[in-house]
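Working notes, beginning with the structure itself.
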Amino acid sequence: MRKANVVRNTSETQIDLSLEILSQNEAGSFTGTTNVGFMDHMLCALCVHGHLKIDLKMSGDLEVDDHHSIEDLGIVFGQAFAQAVGSKSAINRFGCSFVPMDDSLSRCVIDISGRPYLVYSALYDYQMIGELGSAMIREFFYAFAMNAGVTLHIENFYGENDHHKAESIFKAFARALSDASCLRDGNILSTKGTLG
């Protein structure tokens, strides 16, 4: 069982996140709330398409804005993923997915390498998607990559609707993450014999 629980309490946010990485024939699920409606929608998509089970208890200083909540969520999710994936000795390591959503097309490529890096390319027409600042999508993925120890390349090629752009990104990320973390037989996939 690849599970982890991470708790983070600061003066800005209080987060308790439980994560389980499921097999690709198991249905993922998200319970709880970020108190940011559109982010909850993205986490539901992430869990379903990424075969993840996330239970989240969270509060944050949303009276300021959504920055602290979304960034800290990325930190906690990244830490939980790193713990749940373990030594990385029996995983596919790499994942790549293209996902369309109506007018939008996005790609995500992942290397669970132990070396954190983010390349992110997406343009939005509006500052807000529902209650989520569109700039916070990059911050979420940056926080995840740095804390999970993954190399993450995300690109939205085109789209007319910001909701569709964001959702195609999250679904591409979910599918790539699931493929990269999938268990395999054999030695660790590295010429060095180790990842990190």
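The values are calculated or read from the model by the stated rules, or taken from the named source; none is laboratory data. The shown structure was predicted, so the numbers you read here are calculated from the model rather than taken from an experiment. Positions of Cβ are backbone-derived with ideal geometry, glycine not excepted, and every protein chain shown enters the neighbour counts.
Points worth noting:
- Residue match in the range 70-89 (condition: more than 23 Å from residue 17 (Cα to Cα) and in contact with a helix residue (DSSP H, G or I) (Cβ under 8 Å, 6 or more places away or on another chain)): no
- Taking the range 55-83 as the range and being among the aliphatic types (A, V, I, L, M) and at pLDDT 95 or above as the test, the residues that pass are 56, 58, 70, 73, 75, 76, 80, 82.
- Taken as a whole, the range 87-94 holds no residue that is surrounded by fewer than 16 Cβ atoms within 10 Å (Cβ to Cβ), farther than 16 Å from residue 154 by Cα and basic (Lys, Arg).
One line per residue, one yes/no per condition, for (1) among the aliphatic types (A, V, I, L, M); (2) in contact with a Cys (Cβ under 6 Å, 6 or more places away or on another chain); (3) within 25 Å of residue 121 (Cα to Cα):
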site	(1), (2), (3)
11	no, no, no
20	no, no, no
25	no, no, no
36	yes, no, yes
47	no, no, yes
55	no, no, no
89	no, no, no
94	no, no, yes
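- Residue match in the range 163-174 (condition: among the β-branched types (Val, Ile, Thr), crowded, with 22+ Cβ neighbours inside 10 Å and part of a strand (DSSP E or B)): no
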